[in-house]
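FYI, it's all coordinate maths here, none of it is from the lab. It should be emphasised that the depicted structure is a prediction, and the values quoted were computed from it without experimental measurement. In this analysis, Cβ positions are derived from the backbone assuming ideal geometry, glycine residues included, and neighbour counts consider all displayed protein chains.
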Amino acid sequence: MAGSSLRSLCLLFLSLGVCLAGITVKVSPEVDVILGETARLPCNYTISDSSVQPVVTWFIDSAGSRKRVAYRSPPDSGNDKIGLFKDRATMEADMTLVISKVNVGDEMSFFCQVRGGAVGVEEDVTKLRVFLSPEKPVISHNTHSITADQDQSSQVGTCTSRNGHPQPRIIWFKDSKPLPEVTDSKEKTYMVPRVVKESSGLFTVASELYMQLMKEDGKSVFHCTVEYAMPNGQITKESSDHFSLTVYYPAENMFFTLLNQGPFKEGDRVQMKCETDGNPQPEFEFYKGDVKLGQTGTGLWTLENVTRDDADIYKCYVLDFETFVELTRTLTLKVEYLDPVSIVPAGPLILKGGDALDLQCQTKSSNDHYVVWKKAGKELSQTGGLSLKSVTLADAGEYVCVASMRSVPGLEKQANITIRVEGKPEIDVPVKVEVKKKGDSVTLRCSALGYPAPQFNWRPSGKESVTVEGQKTISINILPATDAVITDGVTCEATNKFGTDTKKFEVAESANTADRRNHAGSVAEPQQAGSSIVVIAVVVSVLLLLFIVAVLYFLSKKNKMPCGKKDNAPGNGQDKHETKPFNEKDVEEAKSSN
């Protein structure tokens with residue numbers, strides 16, 4: 001290139017302190033762009049003679065000849081001169097070539113040429129590269145069964161990825177490990193690649209995978225990836241869906257197991273599973289001892305609600321008709337059982353107070369079992385027997401015998417017996433009952449042991465009802481808390497043919513109510529005393545007033561009123577009054593007359 005020679009010559013003369021006049025041009029070696037986007041191709045230049053106005057032109061090589069894309073030259077430096085890319089290419093003021101809506105056909109070399117008249121001509125070249133990520137690879141795999149250990153390879157599948165640029169690459173994977181890219185069909189594993197360049201200029205790539213499959217390949221997982229380049233040297237991958245193959249191979253071993261773990265008890269559901277290490281699974285025949293039960297292709301045999309009669313040796317048998325291989329396996333099924341519990345003597349039992357009680361709990365089982373006697377949840381004995389030397393009324397009730405096998409969870413049987421003890425009723429200790437105030441309703445509960453069940457009599461009585469709780473008979477009496485009830489209490493009497501028991505219930509006002517009443521009484525007493533004094537004072541005042549009135553009346557009769565009387569003498573213009581004081585004699589006479 002002339003520009004390169006000129007630069008070399010300039011460098012030589014620079015070492016001597018002299019440099020010839022010339023032009024330098026600099027462009028990017030490569031410009032990457034995504035299909036359909038806009039590409040920018042910059043062109044930078046220098047010229048030794050600043051007075052020269054150069055002509056800058058962008059060219060491409062097409063069919064062995066150069067064709068102009070765009071240029072700028074004085075005096076038309078402000079106008080673009082468009083050539084081959086007239087609808088998509090523009091040239092900016094800084095000489096950058098801009099190409100919009102880039103397509104695959106735009107991938108070529110572009111030359112930026114600077115012509116400076118007498119100064120010379122210089123140019124540089126840039127490569128425009130166009131990229132498009134391909135579609136996700138699609139797998140079409142072999143859905144037929146493939147026999148293992150054949151002498152020839154079988155087609156595993158085809159991987160296809162469409163419309164990428166530049167040309168993508170397909171890689172096959174088995175169990176997440178890449179397979180070597182081998183195209184020689186003489187190998188056990190090889191690929192047949194195909195590439196199609198579409199009319200759009202994009203690439204569709206495909207690869208067929210062939211393998212001589214082994215028994216282990218029946219459990220393998222396959223997939224492929226498409227690997228492709230993107231701008232700025234980026235390498236990207238996208239994977240297909242995963243798939244497996246149906247590989248047939250003969251059985252070498254058989255396995256016969258119980259799916260649910262024992263120990264098993266009567267009533268359980270038992271599942272047996274028979275399978276081989278071959279594919280496909282053959283028909284399985286099941287036997288109990290020497291008796292054939294049936295056959296199935298699933299290898300599953302179920303026993304519902306097993307009993308002790310199902311305990312035996314079970315056998316699974318297989319005949320592979322392709323290889324004529326016979327396989328047999330056995331297993332032993334044990335079924336634990338516990339017979340219903342019986343109590344001797346059978347109940348219900350009626351005893352008299354002081355009698356002895358002797359009970360035996362009996363059962364049979366397939367293994368060691370344990371017996372526990374209980375009453376009201378309380379454990380009484382851990383043997384099969386229960387003995388009481390002298391029973392009382394409190395010993396009456398329901399007794400439970402529980403038999404179980406500790407080695408078999410859930411295997412348990414039980415039986416109940418009711419014991420009644422005859423005797424005079426025994427009433428529980430009464431509970432003191434409180435009410436808020438007199439007249440309130442009170443509920444009394446009288447509970448008595450005794451057999452036969454006692455009859456009740458309340459004094460005083462109210463609304464009565466009788467219930468039975470276990471061995472106790474309970475009478476409930478609802479009545480108002482009158483003065484008599486609070487003072488004397490309420491009596492409960494229980495009677496049967498063996499006698500009578502009587503208890504008294506105390507009924508009292510609550511402490512808060514009594515305190516309030518006492519407080520009210522202490523306040524009323526001084527109020528009462530004050531009222532009495534007022535009454536006495538009033539009476540004394542009235543008596544004194546009456547005495548004064550009597551004295552005045554007596555004096556008026558004797559004409560000895562202390563007040564003066566009128567003097568109506570003629571010629572006198574005013575009334576005259578004369579006042580005469582009381583003497584002791586007048587007072588004594590007044591008192592006597594009163």
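Per-structure values
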item	result
Cross-link reach list, aspartates and glutamates versus Lys504, counting only Cα pairs under 14 Å and skipping chain neighbours closer than eight places	Glu426, Asp428, Asp488, Glu493
At 1.567 mPa s and 4 °C, Stokes D of region 428-511 from Kirkwood alpha-carbon radius, µm² per second	99 µm²/s
Under 12 Å from Lys188, Cα to Cα: aspartates and glutamates that are on another chain or at least 8 residues apart	Asp149, Asp151
From phi via Karplus (6.51, -1.76, 1.60), per-residue ³J(HN,Hα) for region 419-433 in Hz, x at Gly/Pro	10, 10, 10, 6, x, 4, x, 10, 8, 4, 4, x, 9, 5, 10
Packing-based exposure ordering (other Cβ within 10 Å, fewest first) of Thr500, Thr443, Thr363	Thr443, Thr500, Thr363
Sorted by Cβ neighbour density within 10 Å, fewest at the top, the residues Glu252, Glu266	Glu252, Glu266
Relative packing of 129-139, 168-178, 339-349, which averages over residues the other C-beta atoms within 10 Å, highest first	129-139, 168-178, 339-349
Amide H contacts under 5 Å for Asn367, placed H, 5+ residues apart	Tyr337
Of Lys352/Lys472; Lys463/Lys497; Lys174/Lys237; Lys374/Lys413; Lys424/Lys463, pairs whose Cα-Cα distance is over 18 Å	Lys463/Lys497; Lys424/Lys463
Nonlocal amide H pairs with Val247, under 5 Å, H built at 1.01 Å	Ile146
Net dipole in debye of region 255-410 [+1 Lys, Arg Cβ; -1 Asp, Glu Cβ; about Cα centre; nearest 20]	840 debye
Cβ-based exposure ranking for Arg329, Arg40, in which fewest neighbours within 10 Å come first	Arg40, Arg329
Region 283-295 - phi-based ³J(HN,Hα) in whole Hz, Karplus 6.51/-1.76/1.60, Gly and Pro as x	6, 10, 10, 10, 10, 10, x, 9, 9, 6, 8, x, 9
Over region 342-423, volume per residue of the alpha carbon convex hull, in Å³	79 Å³
Residue-count net charge about Pro29 - beta-carbon cut-off 15 Å; Lys, Arg +1, Asp, Glu -1	-1
Residues with amide H under 5 Å from that of Asp49, placed H, sequence gap 5 or more	Gly22
Hz values of 3J(HN,Hα) by residue in region 94-106 - Karplus curve (6.51, -1.76, 1.60), Gly and Pro given as x	8, 6, 6, 8, 10, 10, 9, 6, 4, 10, 4, x, 7
